[in-house]
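Read the structure below first, then the notes.
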Amino acid sequence: MRHLPLLFVLGVLACGQDSAPTAAGESPDGVYAVNYPLQYFAQRIAGEHLEVRFLAPPEVDPAFWIPRDDDVAALQTAELILLNGATYAKWLDLVTVPKQRAVVTSAAFEDALLELPITTTHSHGQSGTHSHAGIDFNTWVDPVLARKQAAAVLEALIELRPAHANDFEANAAALDDELATLDAAFRELSAATDDLRLLASHPVYGYLAARYGWRVQALLWEPEAMPDEDEWEALGSILKLHPARWMLYEDTPAPEIAKRLREDFEIEPVVLRPCGNRPASGDYLDEMRAGLERLRPVFQP
């Protein structure tokens, strides 16, 4: 089937913003989420009653992904669109979604959003060139904020399918217990040492740092791309003011990067995936727990 031209679809969406949503049970498209954590929270809460869909492919950063024409058409028919807020999903600047069907899951803690410490433009992976500036949108990495976003998802799902409210509430309570346990584990781990200084390959850990008192200096290094000599020199300058022995990475760095970090700077890389997209195995909580375990040597007194 030939896709509709993007401009035509955008016009349809804009004109249809105030139309009534599809009657419950009639739409085959159901619920959409703009990132994997929101899909995970929503599917855990919805259980068998709804299918929650996430459109971005595995190889891109969903924050900077641009939907195709057929993706936009699918969003037009969605009963509910779960947005992260905090300037996430840059495609929302290009595509108009039906406002009455969209829920910003970070709205309840808008006053707690953080400014990014780095303002620059660069490119990585298949996400293309983009800017790290303005608001830090990686809210779900903090288990406390993740709990609040899951609570917003629960409220939206109950409004969408009130007949299943009891099941939704039971599922949400189980998820909330797991997130609370994760928060407690991070708190216990972080309490083991004072004034710990860390480096980060990207500015994606701001909410974790703020929550648990970490001192993190963020860079803009890709795990698969060897930094140039200017970047290595800049790292040496940073370490004079911010002596760190560990560097948080979103994914396993290339062996030659890890080797130079260890041999030239006595820095050990540690993988802590922010999980904006689907993990290679397991789920959001599996990945967060795995990251917590990898952090244990970091916080040994």
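The values are calculated or read from the model by the stated rules, or taken from the named source; none is laboratory data. Just so it is clear, the structure is predicted and the values come from calculations on it, not from any experiment. Please note: Cβ atoms are built from the backbone with ideal geometry, for glycine as well, and neighbour counts cover all protein chains shown. Heads up: the accessible areas ignore ligands, DNA and RNA and are worked out on the full protein's heavy atoms, side chains in. Shrake-Rupley method; radii C 1.70, N 1.55, O 1.52, S 1.80 Å.
Pairs linking a residue in region 65-77 that is among the basic types (Lys, Arg) to a residue that is in a loop (DSSP other than H, G, I, E, B) and surrounded by fewer than 16 Cβ atoms within 10 Å (Cβ to Cβ), with Cβ atoms under 9 Å and 6 or more positions apart or on different chains, are ARG68/HIS3.
Take the conditions (1) open to solvent by 40 Å² or more (accessible area, probe 1.4 Å); (2) assigned to a helix (DSSP H, G or I); (3) within 30 Å of ALA56 (Cα to Cα); ALA290 misses just one of them, which is (1). Filter region 240-259 down to residues that are free of Cβ contacts under 8 Å to residues at least 40 places away in the same chain and either in contact with a helix residue (DSSP H, G or I) (Cβ under 7 Å, 6 or more places away or on another chain) or among the β-branched types (Val, Ile, Thr) (or both) and give me whichever is nearest to ASP142 (Cα to Cα). Restricting to residues being free of Cβ contacts under 8 Å to residues at least 40 places away in the same chain and either in contact with a helix residue (DSSP H, G or I) (Cβ under 7 Å, 6 or more places away or on another chain) or among the β-branched types (Val, Ile, Thr) (or both), the top hit is THR252. If a residue has to be among the β-branched types (Val, Ile, Thr) and either open to solvent by 60 Å² or more (accessible area, probe 1.4 Å) or in contact (Cβ under 8 Å) with a residue 60 or more places away in the chain (or both) to count, how many in region 260-287 make the cut? The qualifying residues number 1. For SER281, the conditions (1) part of a loop (DSSP other than H, G, I, E, B); (2) modelled with pLDDT of 95 or more are fulfilled apart from (2). Scanning region 72-106 for residues that are among the aliphatic types (A, V, I, L, M), more than 17 Å from VAL31 (Cα to Cα) and open to solvent by less than 40 Å² (accessible area, probe 1.4 Å) returns ALA86, VAL95. Of all residues in region 238-251, those satisfying the criterion of being open to solvent by less than 90 Å² (accessible area, probe 1.4 Å) and either among the hydrophobic types (A, V, I, L, M, F, W, C) or under 30 Å from GLU59 (Cα atoms) (or both) are ILE238, LEU239, ALA244, TRP246, MET247, LEU248, TYR249, GLU250, ASP251.
Screening TRP232 against (1) open to solvent by 40 Å² or more (accessible area, probe 1.4 Å); (2) over 20 Å from VAL60 (Cβ atoms) leaves a single unmet condition, (1).
Quick one: in region 57-100, which of the residues that are small (Gly, Ala, Ser) and more than 13 Å from the chain's Cα centre (by Cα) is nearest to ILE158 (Cα to Cα)? Residue satisfying both the conditions and the ranking: ALA78.
Taking the residues in region 160-209 that are under 23 Å from the mean Cα position of the chain (by Cα) and among the acidic types (Asp, Glu) as candidates, determine which candidate is surrounded by the fewest Cβ atoms within 10 Å (Cβ to Cβ). Once the filter is applied, the top-ranked residue is ASP177. Out of the residues in region 30-71 that are over 19 Å from TRP140 (Cβ atoms) and of a type in the set (Gly, Ala, Ser), which is most open to solvent (accessible area, probe 1.4 Å)? Filtering region 30-71 for residues that are over 19 Å from TRP140 (Cβ atoms) and of a type in the set (Gly, Ala, Ser), the one most open to solvent (accessible area, probe 1.4 Å) comes out as GLY47.
Exactly one residue out of TYR40, TYR88, TYR32 is in a strand (DSSP E or B) and either at pLDDT 90 or above or not aromatic (Phe, Trp, Tyr) (or both): that is TYR32.
Does GLU222 qualify as being among the charged types (D, E, K, R), surrounded by 12 or more Cβ atoms within 10 Å (Cβ to Cβ) and in contact with a His (Cβ under 8 Å, 6 or more places away or on another chain)? Taking the combined requirement at face value, the residue satisfies it. Looking across region 176-207, the residues that are in contact (Cβ under 8 Å) with a residue 24 or more places away in the chain and closer than 14 Å to ARG289 by Cα come down to GLU178, LEU179, ALA180, LEU182, ASP183, ALA185, PHE186, ARG187, LEU189.
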